[in-house]
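Single-structure report; data block below.
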Amino acid sequence: MPLDLAPLIYALVAALLFALGDQCQYLGVRTLDSRSGTMISIVTSTACFWFLAPFLLDWSYLGATGIWIFALIGLFRPALSANLSVAGVRYLGPTLSSTLSSTSPLFGTALGVLWLGELLTWPVAVGTAGIIGSIVLLSRRGKTGSVNDWPLWALGFPIGAAAIRSLAHVLSKVGMVTVPDAYVAGLMSFTVSSVLLLSMQAVRRERPRIVLGSPSLWFVGSGVSMALAITALNQALLTGQIIVVVPVVSAAPVFTLLLSILVFRRERLTARLIAAVAVVVPSVILIALGR
């Protein structure tokens, strides 16, 4: 594929894989608590990375500065960002939480411009706004109750998760300056996150009983999808700009809803979805042409 289109293609693949992982988590969380499910997903992703280590790991990178940056990322993503997202859904509900989480491109664009010195063009800005608007449109599916039935500080959960994801994207970009390897970036961050989550699980007073069966297998599937998604995302960051990659990856909710309709048959085609897709497609094209 042409080099200038590569980041866009990788970002779209990552968005689709993240959406598939979300579907697996939805099927698993109905019979297994979300914290244990998140741990299973992240540990599974880590196992996938290490399974490929004999074939993909370049040991010469282990002494580079970027390795420590990837390890730093693992302290808060995906371990902390995933748990903040779950807390946001718990306190705010899925509608408001997903709406606030759609601010991720705003953080990514700001960090890309202010930290990395990337140039924000009008087509990229308009495309980013279009993707954010489509996600907000999809997330507003009806009345969710009074605005006073959740604490104000709970807004920090989904917004914090969005900011953490964007910070991780920027740090990954910085780390890959000295370690230009999308696989190694995922390997190190997920290994640190797995160690952190397993340690937290070990000290929990009430440890849930995880039974090997259908619920756990759905989270295993989510972990495999997440490993592939992170690798595609890192490859997009390696070859592209933050202000281009982050908005496209943030279109994952559109793919999630499409999968719900076309594959899992849980939802039906609506005018809202058609409108969202009609906005997302030209927005991605604008971003591609406006770099």
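The values are calculated or read from the model by the stated rules, or taken from the named source; none is laboratory data. Remember, it's a predicted structure, so these values are computed and weren't measured experimentally. Every residue, glycine among them, receives a Cβ derived from its backbone with ideal geometry; neighbour counts consider all protein chains shown.
The table for this structure:
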item	result
Subset tally (residues that are out of contact with any Pro (no Cβ under 8 Å at 6 or more places or on another chain) and either in a loop (DSSP other than H, G, I, E, B) or not β-branched (Val, Ile, Thr) (or both)) for the stretch 261-289	17
Single residue of Phe76, Phe70, Phe49 found to be part of a loop (DSSP other than H, G, I, E, B), under 30 Å from Ser216 (Cβ atoms) and modelled with pLDDT of 90 or more	Phe76
Residue in the stretch 17-34 that is of a type in the set (Lys, Arg), at pLDDT below 85, surrounded by fewer than 18 Cβ atoms within 10 Å (Cβ to Cβ) and in a loop (DSSP other than H, G, I, E, B) present	yes
Residues of the stretch 219-237 classified as surrounded by fewer than 24 Cβ atoms within 10 Å (Cβ to Cβ) and either farther than 24 Å from Val170 by Cβ or of a type in the set (Val, Ile, Thr) (or both), total	3
Qualifying residue in the stretch 238-261 (condition: under 13 Å from the mean Cα position of the chain (by Cα), surrounded by fewer than 24 Cβ atoms within 10 Å (Cβ to Cβ) and among the aliphatic types (A, V, I, L, M))	yes
Thr103 more than 21 Å from Leu167 (Cα to Cα) and β-branched (Val, Ile, Thr)	no
Qualifying positions in the stretch 262-291 - of a type in the set (Ser, Thr, Tyr) and either surrounded by 16 or more Cβ atoms within 10 Å (Cβ to Cβ) or within 22 Å of the chain's Cα centre (by Cα) (or both)	Ser283
Lone unmet requirement of (1) closer than 20 Å to Ala71 by Cα; (2) surrounded by fewer than 21 Cβ atoms within 10 Å (Cβ to Cβ) for Asp4	(1)
Residue in the stretch 220-227 that is over 25 Å from Gly112 (Cβ atoms) and free of Cβ contacts under 8 Å to residues at least 60 places away in the same chain present	no
Ser199 at pLDDT 80 or above, loosely packed, with under 14 Cβ neighbours inside 10 Å, more than 25 Å from Leu12 (Cβ to Cβ) and not aliphatic (A, V, I, L, M)	yes
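This table checks each residue for (1) modelled with pLDDT of 75 or more; (2) surrounded by 16 or more Cβ atoms within 10 Å (Cβ to Cβ); (3) part of a helix (DSSP H, G or I).
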residue: Leu80; (1), (2), (3): yes, yes, yes
residue: Val89; (1), (2), (3): no, yes, yes
residue: Leu138; (1), (2), (3): no, yes, yes
residue: Asn148; (1), (2), (3): no, no, no
